[in-house]
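Working notes for the structure below.
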Amino acid sequence: MTSSQNDLDGTVAVVGGGVVGCFIAYRLVSMGVTVTLVEQAGPGSGATGNSAGNIQPASGDDDAYKIALGAESLALWRKHLPQIKEAGRIDYREQDVRYLYASINEDEESEVRRILKGVQAAGLRAEWVDGSTAREIEPRLSQSITGGMLHQDCIQMDPKLFMAAFANAAEAQGVTIRRQVQAVGLDTTGGRVSGIELQDGSTLECSSAVLATGAWTLKVMSEWLGYDLPVEPFGLQKLHLGLGTAKPLNCAVRWNGVNIVCRRDGLVHAGSRFDPAGFDSQPSPDTERWLLEQVAEIIPGFEPASVENIAAFAASTPARIPLVGRLPGINGVYLAVPSTDGFLMAAALAEMTADLLVNGKTHPLMERSPLAQAKPR
């Protein structure tokens, strides 16, 4: 491969305007790179805008490595959020939240204690609390809770408002955002990318391209470049529950794979449940019923005043390891695709990608990424 400096001779094109693509564009411009971001709808209109807006290390069945990676990304979020907030000029309802990872039996307690060990090893603030202490924090919690991890290093925000603010901040920094523009291919004449082919027949010339295409990555890589990569759409369903006259929850709760977090706008986000329909995911009465059952079982004292069912999708990768780094075989093409924890991982993926492009520095994650073994058909 050529050195990364050759990839900075002109414009860097970022394809995909979710939180990962916007963060990459934002960081590259701050490092002196000319960047154009291409987004087929608007920033945050896809998976990002329908997420919980959680920056929450250890949000799934993560091992110690992934938890440490999440902690790294959280630190980067905290570093950049003040400037984004100032330049974005929109209140995106950011808040620090405490998450109780609840357990109601010995098997669940063993798993939560495993997560606690990884969270503490990553230097994050977390402790074990017994059931009575948990109910002192939030009296509406179930009497069946025997204990849990109180994870106090999490941030939550309104993802749609955040992306509106982030787009403002990115443009103020110097990013050119081309909205309502669909990329349909890459010009890779001579084994190097030279442009992004657009649906209107024009080409955006570039010296390198970063594909932050999320759930569409398999389709994009197969149709544009002839690569088959292990990433697919991962359907997700979730609920927004109205508080009505009820008090906000004193802590967020994670139980049975479901996050329940109270937003500052009076809605409670509860989700997600996997939907095998992927791109065709639609709000399901069965899923709505199941999610409401989980909320009622772990927080029986909370009765929602309203229910909105939301269907969305994210990217799914093997072992939830991101696809990040240079694409082998074609000069100037980079990928930055998280798995189902894209909001959390956006800051870390942006830093890795920018550092690789500008400084030629390879993050250790890139050696573990499935992208490292990618080959054309």
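Computed quantities for the displayed model
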item: 3 or more residues among the hydrophobic types (A, V, I, L, M, F, W, C) and touching a Cys at 6+ places or on another chain (Cβ under 7 Å): qualifying strands (runs of 3 or more DSSP E) within the stretch 196-259; result: none
item: Any hit, the stretch 66-78, residues being among the charged types (D, E, K, R), within 16 Å of the chain's Cα centre (by Cα), surrounded by 15 or more Cβ atoms within 10 Å (Cβ to Cβ) and closer than 28 Å to V295 by Cβ; result: yes
item: Members of the stretch 34-74 found to be in contact with a Gly (Cβ under 9 Å, 6 or more places away or on another chain) and not in a loop (DSSP other than H, G, I, E, B), listed by number; result: V35, L37, V38, E39, I55, A64, Y65, K66, I67, A68, A71
item: Test for S202: is it surrounded by 20 or more Cβ atoms within 10 Å (Cβ to Cβ) and more than 24 Å from the chain's Cα centre (by Cα); result: no
item: Selection count where residues are part of a helix (DSSP H, G or I) and exposed (fewer than 13 other Cβ atoms within 10 Å of the Cβ), scope the stretch 283-309; result: 4
item: Residue check for E109: assigned by TED's automatic domain parsing to the domain that holds I260, more than 19 Å from G271 (Cβ to Cβ) and either within 19 Å of the chain's Cα centre (by Cα) or assigned to a helix (DSSP H, G or I) (or both); result: yes
item: Filter result for T48 (within 23 Å of T217 (Cβ to Cβ), modelled with pLDDT of 95 or more and of a type in the set (S, T, N, Q)); result: no
item: Residue match in the stretch 232-239 (condition: more than 24 Å from A319 (Cα to Cα) and touching a strand residue (DSSP E or B) at 6+ places or on another chain (Cβ under 9 Å)); result: yes
item: Test: residue in the stretch 44-66 that is more than 18 Å from F343 (Cβ to Cβ) and not acidic (D, E); result: yes
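The values are calculated or read from the model by the stated rules, or taken from the named source; none is laboratory data. Since the model is a prediction, treat every value here as computed from it, not as a measurement. Cβ atoms come from the backbone with ideal geometry, glycine included; neighbour counts cover every protein chain shown.
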